[in-house]
Amino acid sequence: MRGIQEGKAHMRQSLAGTCVLVVEDEVIIGMMISSEIAHAGGIPVGPVTSVAAALEEIDSQVIDAVILDAKLIDGSAEELAASLKEHCIPYVVTSGYEKDNLPRGLRGAPFVAKPISAPLLVETLVTAFERSPRPLASTGARKIEPVEGMQGAALPDAIDRASPLLVVPARHDETDRQ
């Protein structure tokens, strides 16, 4: 039990006040992702369901990172991805399709397949943010700090609740039993 609680605490701190725009055409899924961003310490914006709405959010406030569904209500997310690259805003693409079947403009981006594993999504977002060329001092963006316990095999222990969307395989170590 102690290992699970520590994992949840690490996940709550891993996005440390980072403003994350959730762009997802299915509102319920977007709300679940937003909830996980908040649990990880981030500040969720949205969800928004279209490229147009996402661009409005980006123009109206500082967005540190974006979780981007590949298919939106007004079409492919390729146009939005190009804008994010232009503004040096890191993003992670999510989709029920395999990465090889994504539109060409999305294939090179960090990717998390649906159904989404919340710890994997957070880790991928942290990594994308760390690798971003965005000049933090001039934008007011906050740097995400990697957190012990959010790497590799430890990820499934980061949350202890089940969800029909956020699938986390059960894994038990000797350390979890102490």
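The values are calculated or read from the model by the stated rules, or taken from the named source; none is laboratory data. Computed from a prediction, not measured in an experiment: that's the story for all the values here. Neighbour counts are summed over all protein chains in view; Cβ atoms, including those assigned to glycine, are modelled from backbone coordinates with ideal geometry.
I'd like to check something: does region 103-126 contain any residue that is touching a Lys or Arg at 6+ places or on another chain (Cβ under 6 Å) and within 23 Å of Gly17 (Cα to Cα)? Within region 103-126, one or more residues are touching a Lys or Arg at 6+ places or on another chain (Cβ under 6 Å) and within 23 Å of Gly17 (Cα to Cα). Residues in region 29-64 that are in contact with a Leu (Cβ under 8 Å, 6 or more places away or on another chain) and part of a helix (DSSP H, G or I): Ile29, Met32, Ile33, Glu36, Ile37, Val51, Ala54, Leu55, Glu57, Ile58. Taking the stated definitions as given, is His87 at pLDDT 90 or above and within 21 Å of Glu130 (Cα to Cα)? For His87, the condition - at pLDDT 90 or above and within 21 Å of Glu130 (Cα to Cα) - is not met. In region 49-60, which residue that is within 23 Å of Lys99 (Cβ to Cβ) and not small (Gly, Ala, Ser) is surrounded by the fewest Cβ atoms within 10 Å (Cβ to Cβ)? Once the filter is applied, the top-ranked residue is Thr49. Taking the criterion of being surrounded by fewer than 23 Cβ atoms within 10 Å (Cβ to Cβ), touching a residue at least 60 places away in the same chain (Cβ under 8 Å) and not hydroxyl-bearing (Ser, Thr, Tyr), would at least one residue in region 61-79 satisfy it? Among the residues of region 61-79, at least one is surrounded by fewer than 23 Cβ atoms within 10 Å (Cβ to Cβ), touching a residue at least 60 places away in the same chain (Cβ under 8 Å) and not hydroxyl-bearing (Ser, Thr, Tyr), which makes the answer yes. Looking across region 81-98, the residues that are under 16 Å from the mean Cα position of the chain (by Cα) and in a helix (DSSP H, G or I) come down to Ala81, Leu84. Do you know which of the residues in region 34-46 that are surrounded by 24 or more Cβ atoms within 10 Å (Cβ to Cβ) and closer than 23 Å to Ser83 by Cα is farthest from the chain's Cα centre (by Cα)? My answer is Gly42.
Considering only region 150-171, I want to know if a residue exists there that is in a helix (DSSP H, G or I), crowded, with 20+ Cβ neighbours inside 10 Å and at pLDDT 50 or above. Taking every residue of region 150-171 in turn, none turns out to be in a helix (DSSP H, G or I), crowded, with 20+ Cβ neighbours inside 10 Å and at pLDDT 50 or above. Applying the set (1) modelled with pLDDT of 50 or more; (2) surrounded by 20 or more Cβ atoms within 10 Å (Cβ to Cβ); (3) more than 19 Å from Ala54 (Cβ to Cβ) to Leu121 leaves exactly one unmet item: (3).
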